[in-house]
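No lab work stands behind these numbers, since they all come straight from the coordinates. Everything numeric in this text was worked out from a predicted model, so none of it was measured. All Cβ positions, even for glycine, are placed from backbone atoms using ideal geometry, and neighbour counts span all protein chains on display.
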Amino acid sequence: MYSTRLDTYGCGCSHDCSYCYAKSLLDFRKLWNPQEPKVANLMAIENKLKKIEPGTILRLGGMTDCMQPCELKYRNTYKTIQLLNKYKIGYLIVTKSSLIAKDEYINILDRDLAYIQISITSTSDEISKKYEKSSVASQRIKAVEKLQKLGFDVQLRLSPFIEEWIDYQKLNEIKCDKIIVEFLRVNTFIKRWLDIDYSKFTLKQSNYYHLPLEEKIRMISNIKNFKEMSICEDVTEHYNFWKEHINYNKNDCCNLKK
Ligand code: SF4
């Protein structure tokens, strides 16, 4: 939906998640370096922003996480947020880090421009430590709850949704109004990197294997207590189903505040 993306870091993400789609696309071409992600040129970013219509919403971090640990050293995302504020351009920050909820970032987030989605894949710190090098699940959940309490447009992003890793009771206790769900889709690289049961991924579309719609419906029926739910989907028929029956805002599957 928000297709204009801006990466403050590139060619690698030190969160190094086992299911990373960007890694699966770039690693075999030797373009993925999680140890030393490239730092985007801030002047080039500003030149790009000058040409963008105020009121547009950009997604920060399309191929990498804009709040990955090198942000603490380079502050490229921090400075980019300041530029976005200056040019009155909206920003959707999708991250697996709790850094965005630190006071120094909260102090510069413009409530009229900032939309935040913090992703978890598991409700267990042990599982998140095994598959991701970002903040553990409990830290991310605390960050979501803090931003919710402060009145930001924040969503818990369950992405990718891997049922084996989720304790539904813990998930349903998270104090956040909005949840956005993205199911796992698998290709040969992700299958190699992730040790889960793939037997239910029987639907092939666009070079990925997906779960059938009935299985996805069963899984989301366990998610309760969120006031607004939305599904981020790239299987066309499934997208149409969610749009009609589940998505809180039929015209915006990202469900950003208007
Ligand atoms: S945080 Fe996102 S971009 Fe970074 S490794 Fe994980 S999935 Fe890939």
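Across the chain, the relative contact order, built from alpha-carbon pairs under 8 Å that are at least six residues apart, equals 15 percent.
Seen from all directions on average, segment 116-241 presents a Cα convex hull projection of 7.8 nm². Note on the chain: Kirkwood hydrodynamic radius from all Cα pairs is 18.8 Å, rounded to one decimal. Across segment 154-258, the mean sequence separation of Cα contacts (distance under 8 Å, 6 or more residues apart), normalised by length, yields a relative contact order of 26 percent. Taking 4 °C and 1.567 mPa s as conditions, segment 9-123 diffuses translationally at an estimated 88 µm²/s according to Stokes-Einstein applied to its Kirkwood radius (Cα pairs). How many angstrom separate the Cα center of segment 126-190 from the Cα center of segment 27-97? Between the Cα centre of segment 126-190 and that of segment 27-97, the gap is 21 Å. If you bin all the Cα-Cα distances of segment 79-128 at 10 Å, starting from zero, the percentages per bin are 23, 49, 19, 9, 0. A Förster radius of 22 Å combined with the Cβ-Cβ distance from Lys200 to Tyr168 puts the calculated FRET efficiency at roughly 0.80. Checking the cross-link pairs Lys38/Lys102; Lys23/Lys133; Lys73/Lys142 against a 19 Å limit on the alpha carbon distance flags Lys38/Lys102; Lys73/Lys142 as lying beyond it.
Footprinting exposure proxy ranking of Val186, Val39, Val94, fewest other C-beta atoms within 10 angstrom first, gives Val39, Val186, Val94.
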